[in-house]
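For reference, the structure is listed below as structure tokens.
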There are 2 protein chains.
Amino acid sequence: MTNEKEKINLSALFRIGYGLYVLTTNDGRKDNGCIVNSVMQVTSNPLRVAVCVNKQNYSCGTILETLKMNVNCLSVDATFDVFKRFGFQSGKTVDKFFGETPKRSENGLVVMSEFCNAFISLAVEQTIDLGTHNMFVCSVEEAAVFSDLDTLTYTEYQKNVKPKPVAPKKKSYVCKVCGYVFEGEELPPDFICPICKHDASAFELMK
Amino acid sequence: MTNEKEKINLSALFRIGYGLYVLTTNDGRKDNGCIVNSVMQVTSNPLRVAVCVNKQNYSCGTILETLKMNVNCLSVDATFDVFKRFGFQSGKTVDKFFGETPKRSENGLVVMSEFCNAFISLAVEQTIDLGTHNMFVCSVEEAAVFSDLDTLTYTEYQKNVKPKPVAPKKKSYVCKVCGYVFEGEELPPDFICPICKHDASAFELMK
């Protein structure tokens, strides 16, 4: 858990508090949604929100093309199925809203009211290239509240939503971020989580 | 709570989940600490964290000059006194560490272990001017964990840490962000909270 320099305990980074969100977009052919946690209001006047998205997420390219997105704030009643649906598969290959006629905001994107306590429509003003991720600084175009339930925090997700891993038969490593399990004697040091794209440092040996 | 356009319910912005942090800096003459909530990890490789700070905070100028800061993650045992000390007064006029000999990280800045579960030393790589605020994109230089207590969320602060306002004798407005009370018949529309710098939209009539 401590890196080469022995100065950075990566667990400290997990002490940063986050909410969890379904980011909805539309690539021109279909609606999509993915799970993100890096959302913060950055100014009040004008009202602006920053969202950080991994470039490997299908949504990232869609945002670059369309310059819009909805942030749907997950509430404490969100189930693990929500994470499986939006977080454990990719819009590259799956139509996550197939057969549905979801509610839409004025920008035409999906608004999720189930398992969410609010939504915010964002228009990208500035894209900051951070290498593996893009940070989008956005103006707020529309926003509504659905319930008084608390926002689901990442900590709550880890404690109460994500199923406890069952004792593995063979040696395996679990991603502390999303729960993905890698089976094998040794996790390759350059391994990237196929689900949440965190690197090997996010994994720990399952006991 | 709904703006002119009737499309943006500002309460939705309060559904974004945040942790709370004491940001420590040193202006060359004294240590300082202020309360912030806008902190997020933006990349893993390299490890980078973004912090957004209001330009009216004394710390903002210090960061621009020194290009370094420590983020101390407040834990659920933090008391309202911590917020009064670091959030309800300014380093412009007060020496918040007067007479103390605090613990320091390798960058020379104060590390707070009491009421905090971790700290992260940051070096500014990029400053993004957002008008009222600066967003600092930083590399992580050092990080340690102090306890397994959960990070204090902004929601928890609102519910359990901030004292309930006592019934006012005259009409008054309370800042939903920090608890500051404005006494008067009407809150000026251009009013800025003297404590947390949020605008009039963050205030509600006290009942």
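The values are calculated or read from the model by the stated rules, or taken from the named source; none is laboratory data. Predicted, not measured: the structure shown is a model, and the values here were computed from it. Note: ideal-geometry Cβ built from the backbone for every residue, glycine included; neighbour counts use all protein chains shown. Protein only, heavy atoms only, side chains kept; ligands, DNA and RNA dropped before computing areas. Shrake-Rupley method; radii C 1.70, N 1.55, O 1.52, S 1.80 Å.
Restricting to Cα pairs below 8 Å that are 6+ residues apart, what does the relative contact order work out to for the stretch A:39-95? Please round to a whole percent. Could the numbers behind the result be given before it?
Details: 25 pairs, mean separation 13.1, N = 57.
Relative contact order, the stretch A:39-95: 23 percent.
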| request: Go through A:Val174, A:Val42, B:Asn26 and say which Cα lies farthest out towards the positive end of the charge dipole of the protein assembly as shown; charges sit on Cβ, +1 for Lys and Arg, -1 for Asp and Glu. | output: A:Val174
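Provide the FRET efficiency to the nearest 0.05 for the B:Lys171-A:Val76 pair, computing r from the beta carbons and using R0 = 45 Å. The partial results should precede the final answer.
Working: r = 35 Å, r/R0 = 0.77.
Computed FRET efficiency for B:Lys171 and A:Val76 comes out at 0.85.
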| message | Cross-link candidates for B:Lys68: which lysines have Cα within less than 25 Å, leaving aside residues fewer than 8 places away along the same chain? | response | A:Lys5, A:Lys7, B:Lys30, B:Lys55, B:Lys84, B:Lys92, B:Lys96, B:Lys103, B:Lys197
| remark: Distance in Å, no decimals, from the C-alpha centre of the stretch B:135-182 to the one of the stretch A:136-186 is 24 Å
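Express the accessible area of the stretch B:10-156 per residue in Å², computed with a 1.4 Å probe while the remaining protein chains stay in the model.
I get 37 Å² per residue for this part.
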| task | Just add up the charged neighbours of B:Gln56: K/R +1, D/E -1, any other residue whose Cβ is under 13 Å from the Cβ of B:Gln56. | result | +2
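Calculate what fraction, in whole %, of the accessible area of chain B sits on carbon and sulfur atoms when a 1.4 Å probe is rolled over the protein chains. Provide the component values of the computation, followed by the final result.
Values: 4740 of 9330 Å².
Of all accessible area on chain B, carbon and sulfur atoms account for 51 percent.
Chains A and B: buried accessible surface, both sides, probe 1.4 Å, rounded to 100 Å²?
Working: alone 11570 and 11580 Å², together 18640 Å².
Answer for the A-B pair: about 4500 Å² buried.
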| query | From the Cα gyration tensor of the protein assembly as shown, with a ≥ b ≥ c the square roots of its eigenvalues, which class applies: rounded if a/c is under 1.5, or else prolate if a/b is larger than b/c, or else oblate? | reply | oblate
| remark: Taking Cα pairs closer than 8 Å and at least 6 residues apart, the relative contact order of the stretch B:164-205 in percent is 38 percent
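To the nearest whole number, what is the average tally of beta carbon atoms from other chains within 10 Å of the beta carbons of peptide A:34-44? Can you show the working numbers first?
On the way: counts 0, 0, 0, 3, 5, 4, 11, 8, 11, 8, 14.
Mean partner shielding for this stretch: 6.
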| remark: To the nearest 20 debye, the protein assembly as shown has a Cα-centred charge dipole, built from +1 on Lys and Arg Cβ and -1 on Asp and Glu Cβ, of 540 debye
| Helix-only CD estimate at 222 nm, as mean residue ellipticity for chain A, using -39500 (n - 2.57) per DSSP H run (n ≥ 4) | -2500 deg cm²/dmol
| task | Rounding to the nearest 20 debye, state how big the charge dipole of the stretch B:164-205 is about its Cα centre with +1 on each Lys and Arg Cβ and -1 on each Asp and Glu Cβ. | result | 260 debye
| Label-point gap, in nm, between B:Leu67 and B:Arg104 - each point 7 angstrom along Cα→Cβ | 2.0 nm
